[in-house]
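Right, one structure below, let's go through it.
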Amino acid sequence: MDKEEENIAKSNSDLEKALKEVKPRAMEATEWALKAYCEAVEAIKLFMDKAYCAIEDDNLDTPRFEETWCEVYENALKRCEKVKDAIQKGQCAWELLCKLREIIENGKVCKYTSCNPLLITAEETLLCAERELLNAKAKMDCVQSESRMVEQYKNLIEDFRRDIKAEMESMLTTNLECRGNLTETESAMVLTHAYKKVLRVQKELALVQVSMDKVPCKQKETLC
């Protein structure tokens, strides 16, 4: 075997060894990341469902009110955990995919390994994994954007309910302690104050709704 043949044999052996080492790890990390993205999407959707239920239950005095909001809070924590986990696993998968791409690119430019058939199959696998990962992340980001709007919507409703209840109770208590009854003017003032609060929160909710309608939910086109 001459020097040229030795170089060809060694270069292809090194390439195959590198692919054998990195490719399985990259594919396994991609599978874990895809699963994590899927779980994150489900957790976000569950949070939104709970938040919508809490928003629809507008009675602060119902026995289920505090329980409903506790469920929203618990699901919000689970959502954060799942999203964080998906991001971490996604980053890990991308690092290994980038390493795999580097091995493939180096193999393609090397005159001794450029015709190795393993490069073709490895690149096909790489491209498919990258597309799946991008689509999964795009889907999670889309649903996450919508959930942020829902959370903002929920916070506005919750703050409004508590503020208006506290203010009305304060106004009524103060006046009733002084005279026992509200005058017609004072009653009109209380109603006007409440009406202004309603108008303000309606305006804020309308802005949130407009933002929700503008959230882009188109996933990237799949090229596979």
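Tabulated values for the structure
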| read-out | value |
| --- | --- |
| Rounded to the nearest 20 debye, dipole of the stretch 1-147 from Cβ charges on Lys, Arg, Asp, Glu | 620 debye |
| Most to least accessible of Glu74, Glu146 (protein chains only, probe 1.4 Å) | Glu74, Glu146 |
| Nitroxide proxy distance, nm - points 7 Å out along Cα→Cβ at Tyr52 and Glu4 | 6.9 nm |
| Restraint check, Lys99/Lys137; Lys23/Lys89; Lys35/Lys111; Lys89/Lys139; Lys10/Lys89, Cα-Cα greater than 27 Å | Lys35/Lys111; Lys10/Lys89 |
| Packing-based order for 39-50, 126-137, 15-26, using average beta carbon neighbours within 10 Å, highest first | 39-50, 126-137, 15-26 |
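The values are calculated or read from the model by the stated rules, or taken from the named source; none is laboratory data. These numbers come from a predicted model, not from an experiment. FYI the Cβ positions are ideal-geometry reconstructions off the backbone, even for glycines, and counts take in every protein chain you see. Side chains are part of the model used for accessible areas, which takes the heavy atoms of the whole protein and leaves out ligands, DNA and RNA. Shrake-Rupley method; radii C 1.70, N 1.55, O 1.52, S 1.80 Å.
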